[in-house]
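The values are calculated or read from the model by the stated rules, or taken from the named source; none is laboratory data. Note that the structure is predicted; figures quoted are calculated from it, not measured. We place every Cβ from the backbone using ideal geometry, glycine too, and count neighbours over all the protein chains shown.
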Amino acid sequence: MEGQQGRGWRGLDPNSKSVKALQQQLAAEVGLPAFEVHRPEDTQAIATSFHRDGFAVVKDVLSESQVNALHRGCLRVIDEILTLDPEGRGNRGSHRYSFGSASLTDAQLHQPEWVALLEIPSIIAMIGTVFGGPDFLVRSAGGDFCLPGACDYQPLHSDMSDRQSFELKPGKSLVVGSFFDREARLNYRDLPCPYIACNFITSDWTSQNGPIRQVAGTQNSQVPMPSLAEEPTWMRSSRLYPLSAGSIILRDVRAWHGGTPNVSDEVRAMPNVEFFAPWYREPLVRSLPLALYRGLGPEAQRRCRYIVERKGTPLKLGYRRHLGGTPENSRSRVTNASID
């Protein structure tokens with residue numbers, strides 16, 4: 001894997017006593033116990049794990065050459081983002097970033113490495129089995145990354161909610177989500193899985209480099225998520241490691257999850273593709289350039305029909321001011337001793 005020196009530990013001392021203590025603490029934790037790791041062809045077992053736990057882990061999905069190409073693409077985009085954020089402030093907390101939120105299109109589908117993820121046959125088969133049919137859609141593609149020096153935990157959160165509307169200015173509002181029961185009998189957690197995030201592992205995950213933590217079986221939970229101060233130790237340590245590069249994690253986006261510290265010397269990049277169930281829709285942002293769309297096969301084009309650039313209306317590409325900022329429910333917090 002390419003060298004990654006100089007991308008992390010911005011304004012922090014990796015040799016401080018508090019960092020060394022955190023490294024020892026993370027090494028001593030065993031992570032989420034006994035989570036299943038499937039092979040790509042075991043689609044029914046993958047679907048069973050997914051519906052039970054709210055996620056499924058699959059190894060050996062990408063070849064070594066695919067992993068290397070994807071990781072190089074991630075590092076290129078990361079370097080572009082870091083030129084706009086030399087202090088490592090992040091947009092999901094210090095040293096922690098969303099690829100999608102940083103972009104003016106909410107996605108990275110103008111990057112060929114992300115487009116290459118849209119029609120991997122084994123993944124299409126898995127998604128179709130989980131959803132029970134082939135008529136699903138691509139919602140977006142982005143993901144996240146954390147730099148060395150992301151010493152905090154991100155609060156537990158989920159990636160969707162019931163429909164909400166926010167007034168941005170007179171005459172202009174933002175609608176988030178889709179499902180809304182006027183009789184207040186159901187909410188989005190009562191539904192079958194509305195959409196899946198497929199996360200790609202581009203480097204081996206260890207106790208030190210910020211693997212995601214995932215609380216199993218919470219996709220339909222109606223109880224409030226605990227804050228970091230309230231979160232029990234077993235949840236905070238439910239990290240998905242070890243995992244090898246080339247693996248994927250299929251996530252029901254409603255399930256509770258959060259980022260963990262990266263106290264290694266390498267960037268932990270986790271690009272993704274997101275898929276809507278055949279029956280589910282939300283307002284979508286067009287993010288896939290026509291030129292890249294035309295290089296896809298017919299089935300992939302059909303799945304991307306609502307996010308492709310319109311003829312005569314070119315996409316505005318680039319990065320948001322302040323990289324989109326950090327939502328309150330995704331802002332990482334210090335839970336250990338302050339960094340020296």
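Only one entry of Leu147, Leu174, Leu117, Leu156 meets the criterion of being without any contact (Cβ under 8 Å) to a residue 24 or more places away in the chain and not charged (D, E, K, R), and that entry is Leu174. Could you tell me whether the range 24-47 includes any residue that is under 27 Å from Gly149 (Cα atoms), without any contact (Cβ under 8 Å) to a residue 24 or more places away in the chain and outside any helix (DSSP H, G or I)? Yes, that holds for at least one residue. For the range 228-243, the criterion of a residue being closer than 28 Å to Arg305 by Cα and modelled with pLDDT of 95 or more is satisfied by no position. Screening Ser165, Ser158 for residues that are among the hydroxyl-bearing types (Ser, Thr, Tyr) and farther than 30 Å from Val263 by Cβ leaves exactly one candidate, Ser165.
Per-residue answers, yes or no, for (1) under 21 Å from Arg254 (Cα atoms); (2) within 19 Å of the chain's Cα centre (by Cα); (3) of a type in the set (A, V, I, L, M, F, W, C):
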{"site": "Asp53", "(1), (2), (3)": "yes, yes, no"}
{"site": "Arg72", "(1), (2), (3)": "no, yes, no"}
{"site": "Val77", "(1), (2), (3)": "no, yes, yes"}
{"site": "Thr83", "(1), (2), (3)": "no, no, no"}
{"site": "Asp106", "(1), (2), (3)": "yes, yes, no"}
{"site": "Trp114", "(1), (2), (3)": "no, yes, yes"}
{"site": "Leu118", "(1), (2), (3)": "no, yes, yes"}
{"site": "Ile123", "(1), (2), (3)": "yes, yes, yes"}
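The residues of the range 112-135 that are assigned to a loop (DSSP other than H, G, I, E, B), surrounded by fewer than 21 Cβ atoms within 10 Å (Cβ to Cβ) and of a type outside the set (Asp, Glu), listed by number, are Ala116, Ile120, Gly132, Gly133, Pro134. Take the conditions (1) under 30 Å from Leu137 (Cβ atoms); (2) not in a strand (DSSP E or B); (3) not polar (S, T, N, Q); Val273 misses just one of them, which is (2). Residues that are polar (S, T, N, Q) and either closer than 27 Å to Pro112 by Cβ or part of a helix (DSSP H, G or I) (or both) do not occur anywhere in the range 210-232.
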